[in-house]
Amino acid sequence: MKKTILTLLLAAGLTITTTVHAQVLKFGVKGGINYSQVKFSNGELTHKDRSGFFAGPTLKIALPTLPIGFDISALYDEREFEIGDEMLKDTYSSNVSVNPMKVKLKQVAIPVNLRFTFGNSKTLALYLFGGPQFGFNINDKDPLKDQVRTWNYEDSDFSVNVGAGILLVNAVQVSFNYNIDCGKSGEMTVNDAYEIAKKHESKANAWQLGAAIYF
């Protein structure tokens, strides 16, 4: 009799633990698109923002009985923009190549967000989120160069996310956020007609539309 009761208790405990674990921790995959909003320290440079993408595994952590949780992801993040040539055309003769320079930023991004959920996550819930993001450059170490410009990548970058989303049946998530670059994504050096180097630091902010599926 005691063995039967002990077995039932162990089975009940295992069931409860598994249920709580399933409710608290959710693994999934996440992906979406970026639209870069690059800002330079010197307003002389013109540029065109372009779209990119991100994708990778994600983990959602919910606190039982509380509307607060966390999520952390490891994402391949690619952003792209084009630096214009208008300023250089005014400075250099036509025999110098001053075509627009295309810059592609590739990094492993690790966002860690605090989440506030409103509604029932088992059916339909709205959530707000925000937190730091740590980026690690995986571009080639060699800088981009043309006859008058050199673009140097940063090894790492720190940014902050602020956004909102919708969670359906605790499994499907759609989010929209703004990623604010707090450091610098790179630095461009431009030599003018008198061979005086001018440095322009960049911040690669981005609007992001994403979706995730949790298992």
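The values are calculated or read from the model by the stated rules, or taken from the named source; none is laboratory data. Just so it is clear, the model here is predicted, and its values are computed rather than measured. Glycine gets a Cβ as well: all are built from the backbone with ideal geometry, and neighbour counts include every protein chain shown. The area values use the complete protein model at the heavy-atom level, side chains included, leaving out ligands, DNA and RNA. Shrake-Rupley method; radii C 1.70, N 1.55, O 1.52, S 1.80 Å.
Structural remarks
- The Rg/Rh ratio of the range 117-215, with Rg taken over Cα atoms and Rh as the Kirkwood radius over Cα pairs, comes to 1.21.
- Split the accessible area of the range 105-189 by element, probe 1.4 Å, and carbon with sulfur accounts for 65%.
- Whole-number percent relative contact order across the range 149-194, with pairs defined as alpha carbons under 8 Å at least 6 apart: 51
- Under 5 Å, built H, 5+ apart or other chain: amide partners of ILE138: LYS106, GLN107, VAL108
- Full extension of the chain between ILE61 and ILE33 yields a length gain of 7.7 nm, computed as 0.36 nm times the residue separation minus the alpha carbon distance.
- The protection proxy used here, the mean number of other Cβ atoms lying within 10 Å of each residue, ranks peptides 101-107, 62-68, 168-174, 200-206 as follows, highest first: 200-206, 101-107, 168-174, 62-68.
- Mean projection of the Cα convex hull over all viewing directions, computed for the range 99-175: 6.8 nm².
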